[in-house]
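Just below is one structure, and these are the notes that go with it.
Derivation of every value follows stated rules applied to the coordinates shown; laboratory data play no part. Everything numeric here is computed off the predicted structure, so don't read it as measured data. Here Cβ is always computed from backbone atoms with ideal geometry, including for glycine, and neighbour counts include all displayed protein chains.
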Amino acid sequence: MIEAINLSKSFTSYKKQDGITGTLKSFFHRVPIKKSAVNQFNLSIKKGEIIGLLGPNGAGKTTLMKMFTGIIVPSEGELLVNGHRPSERSKEFRKKIALVMGQKSQLWWDIPAMDSFSLLQKYYEIPEKEFREKVEYMSTLLGVKDLLHVHVRKLSLGERMKLELMASLLHSPEIIFLDEPTIGLDLVAQENIRNFIKEYHRKNNITIILTSHYMADVQALCDRLVLIFKGTKGYDGPLNDFEKILGTKKSVYFTFKDKTIHDDSYWNELDSTWNEDRTEVEIKLDEQQLRNVSSEILAKFPVIEFHTEKMPIEKVMKTLMANPDIILDHSSQEGEK
Amino acid sequence: MANLLKWWQTMRISWSRYTAYRLNFFLQVIGPAIVFFFIKYSLWSAIFSQEPHKVIQGYDFQGMINYHVWTLIVGLVAQGHTAMNLSEDIRLGRISTYLIYPFNFWEFHTASFFSFQILQFCIALISLGILLAIGVISSLTLSTLCIGFLFCFYVSLFWYLLQYLTGILGFWLEETWMLRVILQIVAGFLSGAIIPLELYPQKFVAFLNYTPFPYLTYYPVKVFSGDYSHLMQAFLVIAFWIGITFVLNHLVWKKGIKNYTAAGM
């Protein structure tokens, strides 16, 4: 579905010094700065996959999305999306893709969403019957039936996002690019959007490329993760394996009533980290040890609360963002294997 | 057929968008035209007040005001359109959306332009009705009116292409409004919208006749006054300039889209 080989994109900007003299200087002599946004990127995506494209701000995720959709032209490398070269922007290609940008509205602000939908119906040449059914099906699923005839500028962010999603799916695209679709939404709205995407994918088996900073989105939707750091690929593999990058040990947390408990020699044998208040401990355990050690602690100490990690990938992601070298080492080791 | 439907629907949507903020639209379109007209009215009445029966290059006071009333109507139809949204679309990265639709950016904006022209035409007709009712315009035949408006529409195509060109320069320039202001002022002087061309040196006017400017206002006003003598020349010169701006637009767009970074997408 998507084949990227040594894909690169660099931007040129100009250096400008401070103050009026700087402005004057740059008027006559500009110093170009070439910044590489994506560097030698390889990626292969099969039909029906849901890929999470992750990375810190400025890593090159959006640049990749823009290249995949044909909005910008790659500087180097080969790219084929559904058999088309996106930068040629053929109408045939544009009919097969869709892009949803969480930070940017694609619906026209001054008119109701339904008017935008009818315009898109004409653009994508969707037969009337199919169009009606699609609007009916999606608006029911998203619970936005009453909002179709309200001016878009009067809608809340969550409501608008649902309509944006609808707009992008009307023409039954084969690939959909979701660029932070849940950004700025409340927890319920986030979950609604996620459930909708999941349900839509289950029914239509389309290919989805998703970027998000919310690990809950990724956890709920993606089977495969692609990590990008400073324009290069850091990790590419199943979600389950990603959780184990930092080791296969599980973290268990215990909270105690008593502060003095950490002095007990029992803890010395365990891989434990205490919080500042000395009331909570994180213990890293192998899967086989998990049950025994946990029940031992529960029996021995005045535990008032305990839990295992709710979202291991969030922790992995945080660690990697703070220290990208881990992943780069990891991927080079993988390569050696 | 499907393509025609796309254009038609885009025109309908643009119509709703233009009329969504009626007061705003009115202030933007009619406001400047009326203000501009009153400035010119005061200017010429001051000039003629010294000698009320003076004739300047064939224009007495009544004739001069009549000329400027027509420039108001011509201005609405022939040069009403601005490409304000266009460069903003580029600068803020909004054209990304259009680049993905299977309907091109230029098609979208051209369809919008057509619906804008229809709206402007309605406004021009209403203004004309008012001017006729209060007796500012007297002699007028239906055929003159038809030929005059057709001519204005033809000229507006050139004006649109020129505006489009300033708009897509937004690929390189942060702001393009000053370009449009310069264009507006230059066009104002050279097209005869401020001073009728009879008042300029003949040699200069002969030169101007090869540029598109006099056909933006001066000649359309002549047509509305029943003088068709320059129609063929006007048709050819404007056709030439339409060709030039069309090719330029094509080249600039091609180069610009390669440079486009979709900032802020």
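Structure above, values below:
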quantity	calculated
Segment residue B:235-residue B:57, extension gain: residue separation times 0.36 nm, minus the distance between their alpha carbons	61.5 nm
Prolate/oblate/rounded call for the stretch A:79-164, Cα gyration tensor, a/c under 1.5 rounded	prolate
Viscosity 1.002 mPa s, temperature 20 °C, Stokes-Einstein D of the stretch B:2-259 from Kirkwood C-alpha radius, µm²/s	109
Label-point separation, residue B:248 to residue A:240 (7 Å along Cα→Cβ), nm	6.4
Shielding by other protein chains, A:115-122, mean Cβ within 10 Å	5
Folded to 0 to 90 degrees: helix B:142-168 orientation relative to chain B principal axis, Cα	40
The protein assembly as shown: Rg to Rh, with Rh as the Kirkwood radius over Cα pairs	1.12
Percentage, to the nearest whole number, of Cα pairs in the stretch A:244-337 over 15 Å apart	66
Within straight-line cross-link reach of residue A:154, aspartates and glutamates at Cα separation under 20 Å, skipping those fewer than 8 residues along the same chain	A:110, A:115, A:146, A:164, A:186
Coordinate range along principal axes, alpha carbons of the stretch B:1-78, Å, largest first	62, 28, 10
Partner chain coverage, peptide B:247-260 - average Cβ within 10 angstrom	1
Extreme residue, positive dipole direction of chain A, given options A:178, A:313, A:13 (C-beta unit charges)	A:13
Convex hull volume of chain A per residue (C-alpha atoms, cubic angstrom)	220
The stretch A:211-266 - convex hull of the alpha-carbon atoms, volume per residue in Å³	163
The stretch A:93-216, relative contact order in percent, only Cα pairs under 8 angstrom and at least six apart counted	37
Charged-residue dipole, Cβ positions (Lys, Arg, Asp, Glu), the stretch A:45-238 about Cα centre, Debye nearest 20	220
Label-point separation, residue B:85 to residue B:15 (7 Å along Cα→Cβ), nm	1.5
Distance in nm between pseudo-label sites at residue B:42 and residue A:3 (7 Å out along the Cβ direction from Cα)	7.1
Rounded, prolate or oblate (a/c below 1.5 giving rounded, otherwise prolate when a/b exceeds b/c) for the stretch A:1-110 by Cα gyration tensor	prolate
Beta bridges per DSSP with both ends in chain A, % antiparallel, nearest 5	70
Relative contact order (percent, whole number), chain A, Cα cutoff 8 Å, 6+ residue spacing	18
Cβ-Cβ FRET estimate between residue A:15 and residue A:315, R0 fixed at 30 Å, reported to 0.05	0.20
Gain in span if fully extended, residue A:153 to residue A:90, counting 0.36 nm per residue against the direct Cα distance	19.5 nm
Gyration tensor verdict on the stretch B:97-197 (Cα atoms; rounded if a/c is under 1.5, prolate if a/b is larger than b/c, oblate otherwise)	oblate
Other protein chain Cβ atoms within 10 Å, averaged over every residue that makes up B:12-24	3
Inverse mean reciprocal Cα-Cα distance (Kirkwood Rh) of the stretch B:71-151, Å	14.9
Of A:46/B:6; A:230/B:258; A:61/B:254; A:34/A:244, those spanning more than 28 Å from alpha-carbon to alpha-carbon	A:46/B:6; A:34/A:244
Two-site FRET efficiency, residue A:205 against residue B:146, from Cβ-Cβ distance with R₀ of 41 Å, rounded to 0.05	0.10
Inter-part distance where the stretch A:85-134 and the stretch B:58-84 are each reduced to a Cα centre, Å	41
16 Å cut-off, amide nitrogen to a point 7 angstrom out along residue B:173 Cα→Cβ, residues in the stretch B:72-115	B:82-92
Exposed-site-free run, longest, chain B (rule: GluC sites (Glu not before Pro); DSSP loop; at most 16 other C-beta within 10 Å)	B:1-173
Folded to 0 to 90 degrees: helix B:231-259 orientation relative to chain B principal axis, Cα	30
222 nm mean residue ellipticity, helices alone, for the protein assembly as shown (DSSP H n ≥ 4; -39,500 (n - 2.57); rounded to 500)	-17000 deg cm²/dmol
Angle in degrees between helix B:22-50 and the longest Cα principal axis of chain B, rounded to the nearest 10	30
